[in-house]
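Accompanying notes for the structure given below.
The values are calculated or read from the model by the stated rules, or taken from the named source; none is laboratory data. All of these numbers come straight from a predicted model, not from anything done at the bench. Using ideal geometry, Cβ is built from the backbone for each residue, glycine included, and neighbour counts are taken over all protein chains shown. For accessibility, only protein heavy atoms count, side chains too; no ligands or nucleic acids. Shrake-Rupley method; radii C 1.70, N 1.55, O 1.52, S 1.80 Å.
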Amino acid sequence: MDQFEAIDVIMLLGIAQGFFLAITLPAVHRNNTGANAVLAVQLAMACLVLFAKLAIYRAGEFWVLQRGILLEPFIFLYGPLGYIYLKRLLEKGNELFRLQWIQYVPALLYLIYLIYINMLPTPVFSDKWMAGEFVVPFFWIEALAVVHNFYFWFLCGRLVFQYRKKERLQLSFVQSSTSFIKLVHIIVGFILFVWVFSFLNSNFFRLKFWVINYDMVWIGIPILIYVVGYYALRQPEIFRIPITETPESTPVKNRLPDAEIKFLKSKLEELIETEKVYLKNELTLSDLSQELNTSTNNLSWLLNNIYQSSFYEFINRHRIQEFLQKIKNNEHSKRTLLSLSLEVGFNSKSTFNKAFKSILNDTPTSYIKKMGI
């Protein structure tokens, strides 16, 4: 049992933080309460499964194993709930999105099978377990669970990809919410990969890998909980209102009175020209709207209809102008282009290069050579 000591610590910490987040998330983050409720349920389920696994490892008793596996149907719920969470978080109008009941049939059938197993006297259960009578049913159940979760992982990835395409039209960089979702999607993908690898290896190849094994699946779950905890507590703004689209065919109407438009324009130009807020790497649409003491919808309307620009284009245009001024001052002779791009507000080389090419239709290096600077 000593080999599980490190895992015990990781799992116990994950359980404690997971239950804490499951309780606090719905209460603390009042935006997107529908999405946060689903996330809280997922965290609670993950913690219960971790606790059951830990109890089974430590107790080593058949009655604990027999009762503990009653939580196994949760493996058919992680995928659907993850997809529901993303739909509620990212799509306007889908704050109460639900899946059809048929998506929960595998979990229900598995639960019925496990209830049957738990109706057996423990001595009978232990004899059947040792005789391998449950091997074939559990093999097909696990195979179905892997396919089921990969299917929803793919759907979540497609949803995130579509959202990021919309986000680039309105934001100056990849927001914390997108970073959070992308990181979680990668970790879940890693957990699924390890799960598939260990499943195939234990049933077919039986090779010994000390790095990639079934224990890594259970280490991955607490790590996932830690990531959620970090973003939820350190960067609560990720639970913001999703990006919305305005149909192109809708006639544009003045959302704001002329006096307020004039005031917002004046204040915005002051923030840009005097305070140079665009130099902040983490500047968001929400941050700028707070500086202007207006809503994000009002700011988006102002940028789209008065400046004929999205937030992404507006902020990056000023960042590129600031960058070009540094080039004219010959700062690039002593410093790298990357360091200059970070100084003017970009948060990565790829974001800077994309914005530069979009605005000047050229690469930074090529542009500097053509200008002979």
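Any idea which of Y85, Y110, Y151 is open to solvent by less than 60 Å² (accessible area, probe 1.4 Å) and within 20 Å of I187 (Cα to Cα)? Steps first, answer last, please.
Values: Y110 fails: within 20 Å of I187 (Cα to Cα); Y151 fails: open to solvent by less than 60 Å² (accessible area, probe 1.4 Å).
When all the criteria are applied, what remains is Y85.
Tell me yes or no: at least one residue of region 94-106 is closer than 18 Å to S126 by Cα, more than 19 Å from the chain's Cα centre (by Cα) and of a type outside the set (D, E). Scanning region 94-106, I find no residue that is closer than 18 Å to S126 by Cα, more than 19 Å from the chain's Cα centre (by Cα) and of a type outside the set (D, E), so the answer is no. The numbered conditions (1) modelled with pLDDT of 85 or more; (2) closer than 26 Å to S179 by Cβ; (3) not in a loop (DSSP other than H, G, I, E, B) are all true for K262 except (2).
What do you reckon, is I141 surrounded by 15 or more Cβ atoms within 10 Å (Cβ to Cβ), more than 35 Å from the chain's Cα centre (by Cα) and of a type in the set (V, I, T)? If you could, list the steps in order and put the result at the bottom.
Numbers: surrounded by 15 or more Cβ atoms within 10 Å (Cβ to Cβ): yes; more than 35 Å from the chain's Cα centre (by Cα): no; of a type in the set (V, I, T): yes.
Criteria not met by I141.
Can you pull out the residues in region 169-187 that are open to solvent by less than 40 Å² (accessible area, probe 1.4 Å) and either hydrophobic (A, V, I, L, M, F, W, C) or at pLDDT below 60 (or both)? L171, S172, F173, Q175, S176, F180, I181, V184, I187 - these are the residues of region 169-187 that are open to solvent by less than 40 Å² (accessible area, probe 1.4 Å) and either hydrophobic (A, V, I, L, M, F, W, C) or at pLDDT below 60 (or both).
Annotation: of all residues in region 24-59 being in a helix (DSSP H, G or I) and charged (D, E, K, R), the one that is modelled with the highest pLDDT is K53.
Count of region 343-373 residues, restricted to those that are assigned to a loop (DSSP other than H, G, I, E, B) and open to solvent by less than 90 Å² (accessible area, probe 1.4 Å), is 9. Of the residues making up region 211-220, none is within 20 Å of A46 (Cα to Cα), touching a Gly at 6+ places or on another chain (Cβ under 6 Å) and either surrounded by 15 or more Cβ atoms within 10 Å (Cβ to Cβ) or at pLDDT 85 or above (or both). Annotation: I373 fulfils all but one of (1) over 19 Å from I272 (Cβ atoms); (2) at pLDDT 85 or above; the unmet one is (2).
Does region 221-235 hold any residues that are among the charged types (D, E, K, R) and at pLDDT 75 or above, and which are they? Outline the logic, then answer.
Going residue by residue through region 221-235, those that are among the charged types (D, E, K, R) are 234.
None; the set is empty.
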